[in-house]
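Asker: Structure incoming, see below.
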Amino acid sequence: MLTLSQYGVTLKRLELDDIEEVRQWRNFQHIQNKMQYKEEISSEMQLIWFNSVNNKLNYYFIIIDEKGKRVGLINSKDVDLKSKNGEGGIFISDRSVWNTVTPAVASIILLNFSICCLQSFDRSLITIIKSNTSAINYNNKLGYSVVYEDDFVVRMELTKESYLHNVKAYSKILDKLYPNDKELMISGSVSVINIEEINDLLI
């Protein structure tokens, strides 16, 4: 188990008991439309996927908002310890949360953990379908810049320097809104599915 919490939002690492709920979210039409893979996902497919990513190079988290409601999924996947990067992704299943601070806070929590707490991570990559302009703009505000694009997708990169520069304005606002919850809290148990640096934080 690995849990990250800050600014009223909690990220709980994905477990086997969570995957059916996530599968249902992923099959919502408003989520499918934003994804490169748009086919229906079966329970069997979901289990195969979970077994393939439940390891120390993939970190998927259930997003829990400040009311305790589970509202989406965020990830840093395909972590490359040599290149010090991973590929980010997020989707919010609950449309009532789209226009709240929760999606931005979830991203900031994961980036604060990955980029600010871990020495083995200093860059994030994302791939977005080109028609998803809201996601492109959202990530641009966090400091991501376009490094590749074609007719279908946009590839963006976030460096540690760019993130630390861009997050300052958000952090000032959030610190005022959540004065008693402005520090990133990391909890959980040492596990074989964590890199050693994360396990060292949990001892």
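Asker: Quick one: which strands (runs of 3 or more DSSP E) sit completely within segment 106-179 and have at least 1 residues that are at pLDDT 95 or above, of a type outside the set (Gly, Ala, Ser) and within 17 Å of the chain's Cα centre (by Cα)?
Answerer: Working: elements: 123-129, 145-149, 153-159.
Strands (runs of 3 or more DSSP E) meeting the threshold: 123-129, 153-159.
Asker: Another one. Looking only at segment 58-79, count how many residues are assigned to a loop (DSSP other than H, G, I, E, B) and in contact (Cβ under 8 Å) with a residue 40 or more places away in the chain.
Answerer: Applying the first criterion (assigned to a loop (DSSP other than H, G, I, E, B)) to segment 58-79 yields 58, 65-69.
Then keep just the ones that are in contact (Cβ under 8 Å) with a residue 40 or more places away in the chain; that gives 65-66.
Qualifying residue count for the region: 2.
Asker: What are the residues in segment 15-41 that are in contact with a Lys or Arg (Cβ under 7 Å, 6 or more places away or on another chain) and either without any contact (Cβ under 8 Å) to a residue 24 or more places away in the chain or surrounded by 15 or more Cβ atoms within 10 Å (Cβ to Cβ) (or both), if any?
Answerer: GLN32, ILE41
Asker: Of the residues in segment 26-51, how many are over 18 Å from the mean Cα position of the chain (by Cα), part of a helix (DSSP H, G or I) and modelled with pLDDT of 95 or more?
Answerer: Total meeting the criteria: 7.
Asker: Something else: Just give me the residues in segment 84-101 being crowded, with 19+ Cβ neighbours inside 10 Å, touching a strand residue (DSSP E or B) at 6+ places or on another chain (Cβ under 6 Å) and not small (Gly, Ala, Ser), in sequence order.
Answerer: ASN85, ILE90, PHE91, ILE92
The values are calculated or read from the model by the stated rules, or taken from the named source; none is laboratory data. Being a predicted model, the structure only gives us computed values, none of them experimental. Here Cβ is always computed from backbone atoms with ideal geometry, including for glycine, and neighbour counts include all displayed protein chains.
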